[in-house]
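Only one structure is covered here, and it is reproduced in the block below.
The values are calculated or read from the model by the stated rules, or taken from the named source; none is laboratory data. Model, not experiment: these values are computed from the prediction. Every residue, glycine as well, gets a Cβ built from its backbone with ideal geometry; the counts of neighbours run over all protein chains shown.
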Amino acid sequence: MTNQLKSRPEHAPQEWSEIEAFVAGVTNLSRQPQSLAEFASNAIERTVELLDAIGGCIWLANSDGQFTNVGGSLSQNEEASLLSIENKSHLQFLEQTVSLGRVATKTAIRCDGKADLDSQGLLWIAAPCRIDDQTDAVVEVLQYAGLGTDAQLGHERLLSIVGQLTEAFAQRLKAREQDASLSMRQQREAFLREIHRSVDLNETVFRVVNEGRLLIGCDRLSLAIYSRNRLRVIAISGIDVIDRNSPLVATMARLLDAVGRSRHWLRYRASTDSLPPQLQEPIESYINQSNTEAFDAVPLIRDQASDALSDATVGKPSPDCIGVLLVEHFRGGDAPGLDDRISSIATLSTPALINSLAVDSLPMLGLAKRLRRAGDWAADSRLRLVIAVAVTITVCVTLFTVPTTFYVRAKGEAVPKQRRHVFAPLDGEVVRMNFQKDHEVERGQPLIDLRNRSLELDLQRLNGDFRATEKRRLAIASARVQRTKQTDDRDQLQRNYAVDLAAEEQELSQQLESLEKQITLLQQQMNQLTIVSPLSGHLLTWDAKTLLADRPVVRGQRLLTVAKLDGEWQIEIKIPEREFGNLIQAYEIGSPLTVRCTTSDGAANAFEGALIDVSRRADVDVSGNVHSLARVSVPVRATLWLRPGMQLHCKIDCGERSVGYVWFHEIYETTRSWLAW
């Protein structure tokens with residue numbers, strides 16, 4: 001290292017263009033909005049690079065003489081001790097530079113008090129500058145001592161320029177901070193004017209959350225207020241109407257109620273490990289319902305200086321806590337000055353909310369507001385009366401004279417015209433299903449095999465009886481033949497016995513005929529246990545195998561539905577009882593009624609059909625609503641996207657009626673039915 005320093009040539013003078021570019025770059029850097037540490041680091045790195053120095057630092061010195069490094073650049077780690085304030089010689093050099101108030105140079109000395117290498121190897125060059133009334137700054141580089149006189153003077157002047165630019169940046173930074181402080185003060189004053197503009201509680205809380213969100217810079221600001229010892233979420237920024245039954249609002253109320261009882265500021269930053277157990281469960285429930293990554297829950301206390309809780313308020317809402325402010329961040333949540341802005345909003349909002357709550361609790365407040373509005377409206381009673389009468393007459397004439405289309409609205413269901421239900425012919429048990437889900441079937445194709453154990457037993461019993469009777473009849477026939485050969489005509493007793501055998505044989509033949517018919521009937525019933533498709537088409541029953549597998553069925557039970565999807569379709573609609581009179585009146589005129597049908601599945605499919613049939617019979621559905629059925633034809637183009645069972649919204653064109661009747665006929669008919677009773 002000694003030989004390298006001794007043999008190092010004197011630095012060549014920098015080109016003026018390079019120096020001018022450096023000064024312009026640092027000047028531009030000093031005008032950019034950044035912190036002092038960022039500017040110092042960038043400036044000293046450029047300075048060290050331009051001067052080809054070993055390293056450099058920018059130090060801040062307060063009024064007590066303490067130095068703080070705000071930016072440094074050192075290319076060789078083994079020389080770091082020469083730029084450390086632990087080095088007493090270096091510290092004395094910095095203090096001397098500040099006291100002199102001008103550029104200073106000194107041979108670098110190590111911590112052991114010896115000059116580096118041959119005492120002429122390295123050199124400290126420093127330039128002081130003023131940051132503010134209490135703080136000075138020192139721009140310093142560690143340079144090789146082999147510089148010429150002109151080069152060293154150039155380096156000193158360059159460091160002086162960097163010091164001046166650092167001082168200019170500090171002044172601009174202070175001006176920006178003052179502007180930011182003034183802007184924040186103006187925003188707070190504007191916020192204070194906004195929230196105190198009205199004492200109406202709804203207007204106040206709306207302004208608190210919406211104006212406060214902009215001032216804090218959060219993603220969502222919510223406010224909950226205690227009313228009769230119960231916390232209610234009454235305002236969320238960006239939302240006009242709050243659904244208190246929603247899971248998000250319910251879990252928010254639980255969380256804020258727990259914070260209100262504790263009366264302590266709650267900070268959540270993606271972890272609940274350091275929080276008390278009574279807060280962990282409400283926090284986790286709320287985080288699962290929202291997209292919040294971080295939030296602050298701030299109790300609004302009447303007396304902000306009092307934080308003590310009496311024994312009577314432990315575990316209960318404190319009378320000093322009027323509500324809780326929830327500040328949420330969907331991304332991040334640790335912006336500079338966030339706590340100060342939140343605290344400011346909470347402090348400014350509390351008096352406005354207290355005043356609004358006091359006014360809102362006044363008795364007969366709602367009646368007083370209505371009377372005041374009525375009084376304002378009646379200030380010029382004569383003109384307002386004339387206008388009101390004219391408007392009323394115009395509206396009445398319009399309602400009774402202007403015609404418009406009268407629609408009867410009902411819900412419908414799309415069904416294929418060729419559709420058959422498959423029922424169980426007998427009691428039995430499903431043992432086999434010969435189809436697949438949404439399967440195409442042919443007419444006469446076996447679908448389900450049933451088993452009826454009772455029929456099987458009866459069939460076995462009848463077959464057994466048939467075989468036994470047949471054997472007995474054959475035995476009697478054989479005995480008759482033998483008796484006929486052996487019987488003497490003069491033996492009267494033997495002849496009588498033969499007659500008895502013939503009669504018994506005849507009786508057994510009749511029994512065999514009866515048993516054969518019974519067996520045939522049972523066999524036909526057994527054949528009915530194999531259920532076949534009544535027509536060719538698609539199987540519509542969803543997941544029929546799961547529904548019917550190994551299940552007992554009873555006679556008449558509907559098992560499957562088969563329909564021909566590529567044929568004609570129709571819409572079955574249910575006409576409400578209150579609209580049936582208007583519909584049947586228009587239907588009996590003779591001209592076909594047009595029906596516009598739209599799907600209820602979110603698709604923009606619609607078509608027009610004709611009303612082809614209306615039932616005069618009233619039916620009652622499972623909900624107890626009375627309706628009448630009607631059928632609507634379907635055009636061919638609509639069959640391409642219709643599905644069995646698809647729900648449709650239908651509007652039946654029943655001609656033209658007056659606007660008043662179309663709008664208010666239900667009220668008229670309801671009133672007339674009340675008067676009839």
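Close contacts from the range 442-459, counting a first residue that is assigned to a loop (DSSP other than H, G, I, E, B) and a second that is hydroxyl-bearing (Ser, Thr, Tyr), with Cβ to Cβ under 8 Å and a gap of 6+ residues or different chains, come to GLU442/SER533; GLU442/SER536; ARG443/SER533; ARG443/SER536; GLY444/SER533; GLN445/SER533. Inspect the range 174-182 for any residue being in a helix (DSSP H, G or I), of a type in the set (Lys, Arg) and within 19 Å of VAL70 (Cβ to Cβ) and give the result as yes or no. Yes, some residue in the range 174-182 is in a helix (DSSP H, G or I), of a type in the set (Lys, Arg) and within 19 Å of VAL70 (Cβ to Cβ).
For beta carbons closer than 6 Å, sequence separation of 6+ or different chains, a first residue in the range 501-513 that is farther than 17 Å from VAL481 by Cα and a second that is among the polar types (S, T, N, Q) and modelled with pLDDT of 80 or more, the qualifying pairs are GLN511/THR469; LEU512/THR469. Here ASN582, ASN605, ASN527 are screened, and the one residue that is touching a helix residue (DSSP H, G or I) at 6+ places or on another chain (Cβ under 8 Å) and surrounded by fewer than 18 Cβ atoms within 10 Å (Cβ to Cβ) is ASN605.
Yes or no, residue by residue, for (1) hydrophobic (A, V, I, L, M, F, W, C); (2) within 60 Å of the chain's Cα centre (by Cα):
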{"residue": "VAL138", "(1), (2)": "yes, yes"}
{"residue": "GLY148", "(1), (2)": "no, no"}
{"residue": "GLN152", "(1), (2)": "no, no"}
{"residue": "HIS155", "(1), (2)": "no, no"}
{"residue": "LEU158", "(1), (2)": "yes, no"}
{"residue": "ILE161", "(1), (2)": "yes, yes"}
{"residue": "GLN164", "(1), (2)": "no, yes"}
{"residue": "PHE169", "(1), (2)": "yes, yes"}
{"residue": "SER183", "(1), (2)": "no, yes"}
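Looking across the range 69-79 at every residue that is surrounded by 14 or more Cβ atoms within 10 Å (Cβ to Cβ) and modelled with pLDDT under 80, the one that is farthest from GLN134 (Cα to Cα) is identified as GLU79. Looking at the range 472-479, can you tell me whether even one residue there is surrounded by fewer than 12 Cβ atoms within 10 Å (Cβ to Cβ), modelled with pLDDT under 85 and out of contact with any Gly (no Cβ under 9 Å at 6 or more places or on another chain)? Yes, that holds for at least one residue. The range 315-416 holds helices (runs of 4 or more DSSP H) entirely within its bounds, and those carrying 3 or more residues that are at pLDDT below 90 and acidic (Asp, Glu) map to 338-360. The number of residues in the range 417-441 being in contact with a Phe, Trp or Tyr (Cβ under 9 Å, 6 or more places away or on another chain) and part of a loop (DSSP other than H, G, I, E, B) comes to 3. Within the range 252-281, being within 20 Å of ILE242 (Cα to Cα) and touching a helix residue (DSSP H, G or I) at 6+ places or on another chain (Cβ under 7 Å) holds for MET252, ARG254, LEU255. Which count do you get for residues in the range 506-562 that are at pLDDT 85 or above, out of contact with any Asp or Glu (no Cβ under 8 Å at 6 or more places or on another chain) and in a loop (DSSP other than H, G, I, E, B)? Number of matching residues: 4. The sole residue among ALA151, ALA175 that is free of Cβ contacts under 8 Å to residues at least 40 places away in the same chain and either among the small types (Gly, Ala, Ser) or surrounded by 21 or more Cβ atoms within 10 Å (Cβ to Cβ) (or both) is ALA175. Checking the range 485-501 against the condition returns a match, with at least one residue being more than 60 Å from the chain's Cα centre (by Cα), at pLDDT 65 or above, of a type in the set (Asp, Glu) and loosely packed, with under 13 Cβ neighbours inside 10 Å. Answer yes if at least one residue in the range 615-622 is in contact (Cβ under 8 Å) with a residue 12 or more places away in the chain and β-branched (Val, Ile, Thr), and no otherwise. No, the range 615-622 contains no residue that is in contact (Cβ under 8 Å) with a residue 12 or more places away in the chain and β-branched (Val, Ile, Thr).
Residue by residue, here is whether (1) part of a loop (DSSP other than H, G, I, E, B); (2) within 25 Å of VAL26 (Cβ to Cβ); (3) basic (Lys, Arg); (4) assigned by TED's automatic domain parsing to the domain that holds ASP240 holds:
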site: ILE125; (1), (2), (3), (4): no, yes, no, no
site: VAL141; (1), (2), (3), (4): no, yes, no, no
site: GLY146; (1), (2), (3), (4): yes, no, no, no
site: SER160; (1), (2), (3), (4): no, yes, no, no
site: GLY163; (1), (2), (3), (4): no, yes, no, no
site: GLU167; (1), (2), (3), (4): no, yes, no, no
site: LEU215; (1), (2), (3), (4): no, no, no, yes
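In this entry, ILE225 is excluded by the filter for residues that are part of a loop (DSSP other than H, G, I, E, B) and assigned by TED's automatic domain parsing to the domain that holds VAL298. Please go through the range 14-68 and give me each residue that is surrounded by 14 or more Cβ atoms within 10 Å (Cβ to Cβ) and in a strand (DSSP E or B), ordered by number. Those that are surrounded by 14 or more Cβ atoms within 10 Å (Cβ to Cβ) and in a strand (DSSP E or B): GLY55, GLY56, CYS57, ILE58, TRP59, LEU60, ALA61, PHE67. For the subset of the range 22-43 comprising residues that are in contact with a helix residue (DSSP H, G or I) (Cβ under 8 Å, 6 or more places away or on another chain) and of a type in the set (A, V, I, L, M), which member is nearest to ALA180 (Cα to Cα)? Selected residue: LEU36. Screening ASN582 with (1) closer than 30 Å to GLU666 by Cβ; (2) at pLDDT 85 or above gives one miss only, at (2).
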